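All remarks here apply to the structure that follows.
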Amino acid sequence: MAEQFIEDLRTPYGLAELRLQLEAKVYPEILGRAMDPVRQRWIESARDSIAEAVARGELLEDVSATVIFDLIRGAVINRYLLVPMDRQDRFFAAKTTFANDIVDAALRSAIRDDSALL
């Protein structure tokens with residue numbers, strides 16, 4: 001999911017989706033409802049991915065799909081926006097490493113170790 005989102009940012013469609021998200025917040029009366037199906041698709045995709053990981057025993061049942069999705073997607077957007085234009089090729093070339101790093105960080109933060117509370 002993380003790698004696909006990074007790859008989507010290489011395409012005109014992916015960039016248009018990102019811009020539309022922002023514009024929908026600025027002009028909700030025009031674009032707010034138009035973005036609802038897109039948002040719903042992202043939400044369902046994230047929930048499905050998390051549910052599959054739970055079913056495989058890779059995640060605890062009480063992890064928040066929303067938090068994991070926000071951490072991953074937010075990190076990708078932030079990094080993409082902050083990478084200077086002359087380093088974008090490097091960003092895309094390292095997408096697997098970056099995706100693994102942010103997914104690992106998101107999953108570590110989503111898994112509670114109750115023993116640490118004792």
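The values are calculated or read from the model by the stated rules, or taken from the named source; none is laboratory data. Just so you know, these numbers come straight off a predicted model, no measurement behind them. All Cβ positions, glycine included, derive from the backbone under ideal geometry; neighbour counts span all protein chains shown. Remember, those area values only see protein heavy atoms, side chains included, never the ligands or the DNA or RNA. Shrake-Rupley method; radii C 1.70, N 1.55, O 1.52, S 1.80 Å.
Things worth noting here:
- Residue within region 26-40 that is among the aromatic types (Phe, Trp, Tyr) and either in a loop (DSSP other than H, G, I, E, B) or open to solvent by 80 Å² or more (accessible area, probe 1.4 Å) (or both) present: yes
- Reported count of residues in region 44-53, each being at pLDDT 85 or above and of a type in the set (Val, Ile, Thr), is 0.
- Extreme residue, most open to solvent (accessible area, probe 1.4 Å), among residues of region 41-71 that are among the β-branched types (Val, Ile, Thr) and under 24 Å from residue 96 (Cβ atoms): 67
- The residue that is nearest to residue 104 (Cα to Cα), counting only those in region 1-25 that are assigned to a helix (DSSP H, G or I) and open to solvent by 80 Å² or more (accessible area, probe 1.4 Å), is 4.
- One residue from 66, 96 being modelled with pLDDT of 90 or more, in a helix (DSSP H, G or I) and not aliphatic (A, V, I, L, M): 96
- Selection within region 2-35: residues that are among the basic types (Lys, Arg) and more than 19 Å from residue 72 (Cα to Cα). The member of this set that is modelled with the lowest pLDDT is 33.
- Evaluating residue 74 against the criteria (1) out of contact with any helix residue (DSSP H, G or I) (no Cβ under 7 Å at 6 or more places or on another chain); (2) open to solvent by 40 Å² or more (accessible area, probe 1.4 Å) leaves one unmet condition, (2).
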